[in-house]
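Notes follow once the structure below has been shown.
Nothing in this text is a laboratory measurement; each read-out follows from the coordinates by a stated rule. What you see is a predicted model, and the numbers here were worked out from it, not measured in a lab. Backbone-built Cβ (ideal geometry, glycine too); neighbour counts: all protein chains shown.
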Amino acid sequence: MTETKLRDDLDRRTIVVFVTALLSLWFAHFGLRYAPDTSTRLAELCWWSGTQIVSYLVVPLIVVRLVGWKPSDIGWKFRGTSHHWKYYAILFVIAVPFVVVASMTTEFQNRYPLFEVFRGQEDVWPDLRVWWIFYVLQFVAVETFFRGFLVLGLAKRFGQMSILIATIPYLMIHFTKPPVEALAAIVGGIVMGFLAYRTKSVWWGVALHVSVAALMDFLSLGHKGFIW
């Protein structure tokens, strides 16, 4: 393959990634406006997570299929990644004390779990189980899009700079969250992006993201009297 042909292929790949990202980010935000009228928080949250799953998971996978790439090109691979768990385990251990301290604040307890529960509320577990299924799939979508489709999809053109490129929109989707959590998204975006760049896989990142979110919900439910 000539140098010109290689550069043209990289440019086409870059354009595909950027255009898809623009459309996915637009729908992930504005798709919420088309939510059906509902009086239940569960339905509202499932619609929200559904827009994220479609925008950040379904659309990129369709694009990958249409342009002839492989899912492994955006981090969907398991082979050769079993020894990477220790890096993510270290990150989880580092995150635990910060989450524990944050969980004692009123702001944290008012926000988590995203499916609101209140002291004395009964029969909350069936709805929580439904919500957690959507919640986990949403994290699969987020990691696939930001660490897989963006970081790995742009890596051949921009190298490690793709990590910073992907971190910018990742920070922006956290603007509605508490400032400290949004600040942590910068660090998390860079660190998780770097690990995805090195390992060429998003699955341990999914596991870490789900583990931290589960810990946050567990602590919040505990402080509200649902567990202890």
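How much length is gained on full extension from Ala89 to Leu164, taking 0.36 nm per residue of separation minus their Cα-Cα distance? Can you show the working numbers first?
On the way: separation 75, 0.36 × 75 = 27.00 nm, distance 2.30 nm.
Value of the extension gain: 24.7 nm.
Can you put Tyr34, Tyr88 in order of Cβ neighbours within 10 angstrom, beginning with the fewest? Don't skip to the answer; put the middle values down first.
Values: Tyr34 9, Tyr88 21.
If I rank by nearby Cβ atoms, fewest first, I get Tyr34, Tyr88.
Once you mark the GluC sites (Glu not before Pro) that are in a DSSP loop and have at most 15 other Cβ atoms within 10 Å, what is the longest gap between them in the chain?
Values: sites that count: Glu116, Glu122.
Free of exposed loop sites, the longest segment is 1-115.
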Can you list the DSSP H helices in the chain whose Cα atoms extend at least 27 Å along the helix axis and whose mean Kyte-Doolittle hydropathy is -0.5 or higher? 3-30, 179-199, 203-223
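Please give the net charge around Ile163, taking every other residue with its beta carbon less than 11 angstrom from that of Ile163, where Lys and Arg add +1 and Asp and Glu add -1. Before the final figure, lay out each step's value.
Numbers: positive: Arg147, Arg198; negative: none.
It works out to a net charge of +2.
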Cut-off 13 Å between beta-carbons: net charge of the residues surrounding Leu195, Lys and Arg +1, Asp and Glu -1: +3
Could you tally up the Lys pairs in the chain with alpha carbons closer than 23 Å? Skip any pair fewer than 8 positions apart unless they're on separate chains. 10
Quote the FRET efficiency, to the nearest 0.05, computed for Tyr34 versus Ile62 with a Förster distance R0 of 30 Å and r equal to the Cβ-Cβ distance. 0.90
